[in-house]
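A short worksheet on the structure shown next.
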Amino acid sequence: MLEKILETKRQEIVQLTTLPEQINVRHFSLFEALSHPNRSVGLIAEVKKASPSKGIIREDFEPVTIATGYEKGGADAISVLTDVSYFQGHRDYLTAIKQEVSIPVMRKDFIIDKKQIDETKRIGADAMLLIVGTVPVEDLKQLYDYAYSIGLECLVEVHAKEELVELLACFTPKIIGVNNRNLKTFETSLSQTEEMASLIPEGSLFVSESGIFHREDIERVGKVGASGILVGESLMRAESPEVGIAALFGGEAIASSS
Ligand SMILES: O=P(O)(O)OC[C@@H](O)[C@@H](O)c1c[nH]c2ccccc12
């Protein structure tokens, strides 16, 4: 599956000859937001209509309403799927959301080329995802450095332990995500987070991604040191974003509004 997605991306990159206009927005730091989370563990709430493994997750999909609901519900940051072909996302969703919220907005896509990073900056994102295994780690480092040089933070995602070891031998990202879902098989297991936690360097923030549905899941990943969680499906299936977040955290109150 990952190979197929990357093939589509390579075609998209060829067609990405004219970049959108730069939108003017105020930026918010993902690292800062996750360093001072609203609850015991920081929440990156994802705007996600569909996925290759689950099909359509939410029919009545209004990206801006969902994102403002996430902010009201006390999310620390927002992730927006911009991939069209596999996740039914769009870059315009991110731009529209960015204009309506005052928390960091991350672009969730398969970024393998500098041109996509320029596009990410222009559409107004504060941060973006980079995935180990999509390009060689040396190339990922180039993309990472380029993104930071133009004011974009990166969440660098790994799945397998060997990928994390290979990544850290090359560079130490400020924010590292462990995806509990294997992008090749789609299997999800929180033990991925538990097994890799001890390998995350002290100074890096650690985000547990995918397959988080209940308060117990948050406690489980929090216990091994996760500063943040990235949650899509469980919130997208909730009656409303606010209700979804409250249920996910088992009613845990927001500690501070700063
Ligand atoms: O819907 P979930 O299981 O809560 O997962 C959210 C997020 O982690 C997932 O969408 C994701 C993690 N890494 C990705 C890479 C590409 C696309 C999607 C993803």
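The values are calculated or read from the model by the stated rules, or taken from the named source; none is laboratory data. What you are looking at is a predicted structure, and each value in this text was computed from that prediction instead of being measured. All Cβ positions, even for glycine, are placed from backbone atoms using ideal geometry, and neighbour counts span all protein chains on display. Side chains are part of the model used for accessible areas, which takes the heavy atoms of the whole protein and leaves out ligands, DNA and RNA. Shrake-Rupley method; radii C 1.70, N 1.55, O 1.52, S 1.80 Å.
Structure above, values below:
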item: Solvent exposure, largest accessible area first (probe 1.4 Å, DNA, RNA and ligands not counted), of LYS49, LYS72; result: LYS72, LYS49
item: Relative packing of 134-143, 112-121, which averages over residues the other C-beta atoms within 10 Å, highest first; result: 112-121, 134-143
item: Gain in span if fully extended, LYS161 to ILE254, counting 0.36 nm per residue against the direct Cα distance; result: 30.2 nm
item: Prolate/oblate/rounded label for region 9-68 (Cα gyration tensor, a/c 1.5); result: oblate
item: Whole-number accessible area per residue in Å² for region 27-248, which is evaluated in the context of all protein chains at 1.4 Å; result: 38 Å²
item: Translational diffusion coefficient (Stokes-Einstein; Kirkwood radius from C-alpha pairs) of region 128-258 at 20 °C, 1.002 mPa s, in µm²/s; result: 137 µm²/s
item: Virtual spin-label span in nm between GLU187 and LYS114, 7 Å along Cα→Cβ; result: 4.0 nm
item: By accessible area with a 1.4 Å probe, ligands and nucleic acids excluded, highest first: order of PHE249, PHE186; result: PHE186, PHE249
item: Solvent-accessible area, 1.4 Å probe, carbon plus sulfur percent, for the chain; result: 49 percent
item: Selected from MET128, THR65, LEU30, residue furthest toward positive end of dipole (the chain; charges at beta carbon); result: THR65
item: Over region 185-227, equivalent-ellipsoid semi-axes from the Cα gyration tensor in Å; result: 18, 13, 8
item: Cα-centred dipole magnitude for region 27-248, charges only on beta-carbon of K, R (+1) and D, E (-1), debye, nearest 20; result: 180 debye
item: Spacing of the two label points (7 Å from each Cα toward its C-beta) at LYS54 and GLN99, in nm; result: 2.8 nm
item: Convex hull (Cα only) mean projected area of the chain, reported in nm² to one decimal; result: 12.2 nm²
item: Extension gain from LEU199 to ILE23, taking 0.36 nm per residue of separation minus the Cα-Cα distance; result: 59.5 nm
item: R0 of 30 Å, Cβ-Cβ distance LYS223-VAL64: FRET efficiency to nearest 0.05; result: 0.30
item: Value at 222 nm in deg cm²/dmol, rounded to 500, when DSSP H runs of n ≥ 4 in the chain each add -39,500 (n - 2.57); result: -10500 deg cm²/dmol
item: Rounded FRET efficiency, nearest 0.05, which uses the C-beta distance separating HIS214 from VAL14 and R0 of 35 Å; result: 0.25
